[in-house]
Amino acid sequence: MSKVRAAITGIGAYLPEYILTNEELSRMVDTTDEWIMTRIGIKTRHILKTPGHGSSDLGAKAVQMLLKKTNTAPEEVDLLICATVTPDHQFPATANIISDKAGIKNAFSFDLNAGCSGFLYALSTGTKFVESGMYKKVIIVGAEKMSSIVDYTDRATCPIFGDGSGAVMLEPTEDPEIGIIDEILQSDGAGRVHLHQKAGGSVKPSSHESIDAREHYIYQEGQAVFKFAVSKMADVAVEMMKKHKLGPKDLAWFVPHQANNRIIEAVGKRMGLPMDKVMLNIEKYGNTTAATLPLCLWEWEPRLKKGDNIILATFGAGFTWGSMYLKWAYDSE
Ligand code: UT7
């Protein structure tokens with residue numbers, strides 16, 4: 001009997017309606033469309049404006065689309081993992097709330113925080129549950145209301161982030177031509193000084209002082225993060241290619257975390273890939289943290305073919321980074 005692998009068997013996604021343009025941002029802070037396009041490569045990002053709505057509402061919409069597309073009844077789902085850095089609450093887990101909102105009653109669910117690598121780490125975790133043979137339908141969701149932690153008076157961070165969600169279904173397969181094949185995942189907590197949220201956790205609980213000091217927003221030292229992102233993402237993507245003897249011609253697609261167009265181009269170059277094999281949608285959605293990878297897969301789904309060799313790679317807060325190699329499981333109808 002061949003090894004049981006996990007395969008992605010469907011994708012759903014959701015983007016909130018409101019579109020924040022560079023023109024609108026340039027009325028809020030001292031910036032220009034030209035600076036944002038040249039330095040980052042973002043034109044627009046979607047923002048969740050509905051009062052009282054959080055990441056779970058974004059995640060639940062992606063999961064509902066996924067259930068519909070894969071003809072899955074909510075009761076059939078065994079496990080749901082939500083990757084997010086913008087949970088609805090400190091507790092309970094946003095995954096529990098998404099499951100409730102999507103009518104998923106027979107599953108266990110939990111959150112996973114690995115910054116912008118959250119979806120990749122969660123995909124790896126879900127894969128292990130499927131490979132164990134105990135779980136047949138596992139949903140991995142990346143859901144982020146980044147606008148809830150962006151300081152819209154800080155021009156260095158506010159153009160970067162957007163809200164959105166994406167969800168994939170993982171199911172077992174014994175077909176050797178498809179499924180999730182390998183992963184290289186790494187982290188280095190020493191990188192936390194360059195990218196973090198200063199207050200609101202147990203080290204510095206929320207207080208009048210922390211609010212006044214604007215410490216509940218994203219703190220990022222952009223240049224330091226940029227350098228690590230290029231070298232670490234390229235290292236693991238190139239290592240994955242070498243390990244599986246994959247040349248640029250063998251790869252159908254590269255799916256990079258969408259943080260900065262220049263980072264993506266530099267990584268693609270080190271992999272020897274032409275840009276037409278690199279999924280790129282940062283211009284429309286910005287950096288949606290744990291949602292960037294499933295948003296790419298969702299958008300490219302109509303073009304993906306069974307057996308396509310795909311490498312995913314991410315870099316994010318922690319620092320966390322990694323790559324995964326999979327063979328796409330289905331042709332779109
Ligand atoms: O997803 C998690 C991982 N995150 C990342 O991968 C992000 C990595 N970092 C980056 O993408 C880039 O470093 C940023 C986009 C954050 C910043 O771009 P940069 O090219 O590294 O700019 P910089 O921070 O070196 O700033 C250059 C100049 C500065 O002005 P001075 O000091 O040279 O006069 C900034 O004040 O650009 C200025 N600047 C801006 N100017 C216009 C910073 N933000 C803006 C802005 N508009 N929005």
Kindly flag which residue pairs out of 204/227; 43/306; 136/327 have an alpha-carbon separation exceeding 22 Å in this structure. 204/227; 43/306
State in Å² the accessible area per residue of the chain; use a 1.4 Å probe, count heavy atoms of protein chains only, and round to the nearest integer. 43
Which whole-number percentage describes the relative contact order of segment 5-173, with Cα contacts under 8 Å and a sequence gap of 6 or more? 35
Most positive-pole-ward Cα, 184, 228, 134, against dipole of segment 131-263 from beta carbon charges: 228
Tell me which aspartates and glutamates have Cα within less than 14 Å of residue 198's Cα, excluding those fewer than 8 residues away on the same chain? 151, 209, 212, 215, 221
Anisotropy class of segment 77-126 from Cα gyration tensor, a/c 1.5 cut: oblate
Where a ≥ b ≥ c are root eigenvalues of the Cα gyration tensor, a/c under 1.5 meaning rounded, otherwise prolate if a/b exceeds b/c and oblate otherwise, the chain counts as oblate
Compute the relative contact order of segment 144-275 as a whole-number percentage, counting only Cα pairs closer than 8 Å that sit 6 or more residues apart in sequence. 21
Of 247, 208, 295, which is farthest along the charge dipole of segment 179-327 in the positive direction, counting Lys and Arg as +1 and Asp and Glu as -1 at C-beta? 247
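Of all trypsin sites (Lys or Arg not before Pro) in segment 119-200, which ones are in loop regions per DSSP and have a Cβ with at most 14 other Cβ atoms within 10 Å?
The qualifying sites are 136.
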Residue farthest toward the positive end of the dipole of the chain, with Cβ of Lys/Arg at +1 and Asp/Glu at -1: which of 238, 120, 282? 238
Can you spot the lysines whose alpha carbon is less than 20 Å from residue 101's alpha carbon? Ignore those fewer than 8 places along the same chain. 49, 61, 68, 69, 137, 145
Using a 10 Å cut-off on Cβ atoms, rank the peptides 86-96, 3-13, 157-167 from the highest mean neighbour count down. 157-167, 3-13, 86-96
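Given a cut-off of under 8 Å on Cα pairs at least six residues apart, what relative contact order in percent is computed for the chain?
25
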Total charge dipole magnitude, segment 5-173, about the Cα centre, Cβ charges on Lys, Arg, Asp, Glu only, Debye to nearest 20: 420
Scan segment 127-209 for GluC sites (Glu not before Pro) in coil per DSSP, keeping those whose Cβ has at most 16 other Cβ atoms within 10 Å, and list them by number. 174, 177
Dipole in debye (nearest 20) - the chain, about Cα centre, beta carbon charges: Lys, Arg +1; Asp, Glu -1: 580
If you look at just the Cα atoms of segment 179-327, how large are its Rg and its Dmax in Å? 17.0, 56
By the DSSP-based rule, helices of the chain that are at least 27 Å long along the axis (C-alpha) and have a mean Kyte score of at least -0.5 are 222-243
Cα-Cα pairs above 21 Å in segment 52-183: how many percent? 40
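Rank-order 300-311, 29-40 by packing density, defined as the average count of other C-beta atoms within 10 Å over each peptide's residues, highest first.
My ranking of the peptides, most packed first, is 300-311, 29-40.
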Counting only protein heavy atoms and a 1.4 Å probe, tell me what percentage of segment 179-327's accessible area is made up of carbon and sulfur. 53
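The values are calculated or read from the model by the stated rules, or taken from the named source; none is laboratory data. Keep in mind that this is a model prediction, so the values were computed, not measured. Cβ atoms come from the backbone with ideal geometry, glycine included; neighbour counts cover every protein chain shown. Surface accessibility is based on the protein's heavy atoms, side chains included, excluding ligands, DNA and RNA. Shrake-Rupley method; radii C 1.70, N 1.55, O 1.52, S 1.80 Å.
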